[in-house]
Amino acid sequence: MTPFGERVRALREGKSVTLKQMAADLHISSAYLSALEHGKRGQPSAQLVRQICAYFGIIWDEAEELERLADLSHPRVTVDTAGLNPKATELANRLAERIHDLDDGTLDRLLLLLDEAPARGGAAVRRRPAPRRR
């Protein structure tokens, strides 16, 4: 499942809307919506993200967050390390090899490290909300 798919499913279930009903209301196939939720399809179009925001009455920051999640939800990622430090290439390859073995705690720690790292402009940029504690 992708971050976008997880969020759409939570929105849908929170409103007690079936996948079939939402797909019909958005004029898309239920198979496509299911594939988006399960991460079997690539990023949704900007138009579909806007339709989903309108469907659930999402505005402002929450709409921007859904758009950001859509941008981060391509299930097959390519990392271009050409011209970077050899350590960047090693990191990308090792992550690709080990991603299936990482537990939620490890993933949260890695994401936190990335969130706290200075961006190219200098300052650290918070790119995702903190994980919810249960």
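The values are calculated or read from the model by the stated rules, or taken from the named source; none is laboratory data. Computed from a predicted structure; not experimentally measured. Neighbour counts are summed over all protein chains in view; Cβ atoms, including those assigned to glycine, are modelled from backbone coordinates with ideal geometry. In case anyone asks, the SASA skips ligands and DNA or RNA and just uses the protein heavy atoms, side chains included. Shrake-Rupley method; radii C 1.70, N 1.55, O 1.52, S 1.80 Å.
Scan the stretch 95-108 and report the pairs whose first residue is under 15 Å from Thr78 (Cα atoms) and whose second residue is open to solvent by 60 Å² or more (accessible area, probe 1.4 Å), with Cβ atoms within less than 9 Å and a gap of 6+ or a chain change.
Cβ pairs passing all conditions: Leu95/Val79; Leu95/Leu110; Ala96/Val77; Ala96/Val79.
Kindly provide the set of residues from the stretch 94-115 that are open to solvent by 100 Å² or more (accessible area, probe 1.4 Å) and under 18 Å from Met1 (Cα atoms), ordered by number. Reasoning before the result, please.
From the stretch 94-115, those open to solvent by 100 Å² or more (accessible area, probe 1.4 Å) are 94, 97-98, 100-101, 104, 109, 113-114; that's our starting set.
Once the filter is applied, which keeps residues that are open to solvent by 100 Å² or more (accessible area, probe 1.4 Å) and under 18 Å from Met1 (Cα atoms), the stretch 94-115 yields Arg98, His100, Asp101, Asp104.
Output the number of the condition that Asp71 fails; it satisfies all remaining conditions of (1) at pLDDT 95 or above; (2) of a type outside the set (Phe, Trp, Tyr); (3) closer than 30 Å to Ile28 by Cα.
Of the numbered conditions (1) at pLDDT 95 or above; (2) of a type outside the set (Phe, Trp, Tyr); (3) closer than 30 Å to Ile28 by Cα, the odd one out for Asp71 is (1).
So, in the stretch 81-93, how many residues would count as being hydrophobic (A, V, I, L, M, F, W, C) and surrounded by 13 or more Cβ atoms within 10 Å (Cβ to Cβ)?
Residues flagged as hydrophobic (A, V, I, L, M, F, W, C) and surrounded by 13 or more Cβ atoms within 10 Å (Cβ to Cβ) within the stretch 81-93 amount to 3.
Of everything in the stretch 79-88, what is more than 19 Å from the chain's Cα centre (by Cα) and closer than 28 Å to Met1 by Cβ? Give them in sequence order.
If the condition is that a residue be more than 19 Å from the chain's Cα centre (by Cα) and closer than 28 Å to Met1 by Cβ, then Asp80, Thr81, Ala88 are the ones that fit.
Of all helices (runs of 4 or more DSSP H) completely enclosed by the stretch 8-80, which ones contain at least 1 residues that are closer than 30 Å to Leu95 by Cβ, among the acidic types (Asp, Glu) and open to solvent by 70 Å² or more (accessible area, probe 1.4 Å)?
Per the criteria, 60-71.
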